[in-house]
Amino acid sequence: QVQLAESGGGLVQAGGSLRLSCAASGSIFNAMAWYRQAPGKQRELVARITSGGSTNYADSVKGRFTISRDNAKNTVYLQMNSLKPEDTAVYYCTAEYHRIYWGQGTQVTVSS
């Protein structure tokens, strides 16, 4: 059974940093990613990383966020720097293997 366990969300002031982690179990995954959904907005892709290490980012986070993964631990990370109030959202981890599996989400709140 596939399980994704996210951690690292919280409240931070604008300009601060947070690091999200997501430990996956139950399979070997191809790509892993982070999505986010702000109140009243559609869920959007934040960053994605393949098993080979290729990455892509939403334009709004380029230069501020870094996605990485530890394949041995089946864990993906999202280092978020220079956070802005508009980064406030629920952040979801995903893992891909024949389908996309979703974590339960972790709240990130950036105060101005």
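Let me check I've understood the local charge: for Ala58, count other residues with C-beta under 15 angstrom from its C-beta, Lys and Arg +1, Asp and Glu -1. What total comes out? Computed value for this residue: +3. Averaged over its residues, the chain has an accessible area of 52 Å² per residue, based on protein heavy atoms and a 1.4 Å probe.
Rolling a 1.4 Å probe over the protein chains gives Tyr97 an accessible area of about 90 Å². In this structure, the amide hydrogen of Gly16, modeled 1.01 Å from its nitrogen in the peptide plane, lies closer than 5 angstrom to those of Leu83, counting only residues at least 5 positions away or on a different chain. Under 5 Å from the amide H of Ser51 lie the amide H atoms of Ala31, each residue being 5 or more positions distant or on a separate chain, with H modelled from the backbone and absent for Pro and chain starts. Partner aspartates and glutamates whose Cα lies under 18 Å from the Cα of Lys41, excluding those fewer than 8 positions away in the same chain, are identified as Asp59, Glu86, Asp87.
What percentage of the solvent-accessible surface of the chain, computed with a 1.4 Å probe over protein heavy atoms, is contributed by carbon and sulfur atoms? The nonpolar share, carbon plus sulfur, comes to 46 percent.
The values are calculated or read from the model by the stated rules, or taken from the named source; none is laboratory data. Since we're looking at a predicted model, the values are computed, not measured. Don't worry about glycine lacking a Cβ; one is built from the backbone with ideal geometry, like all the others, and counts go over all protein chains shown. Side chains are part of the model used for accessible areas, which takes the heavy atoms of the whole protein and leaves out ligands, DNA and RNA. Shrake-Rupley method; radii C 1.70, N 1.55, O 1.52, S 1.80 Å.
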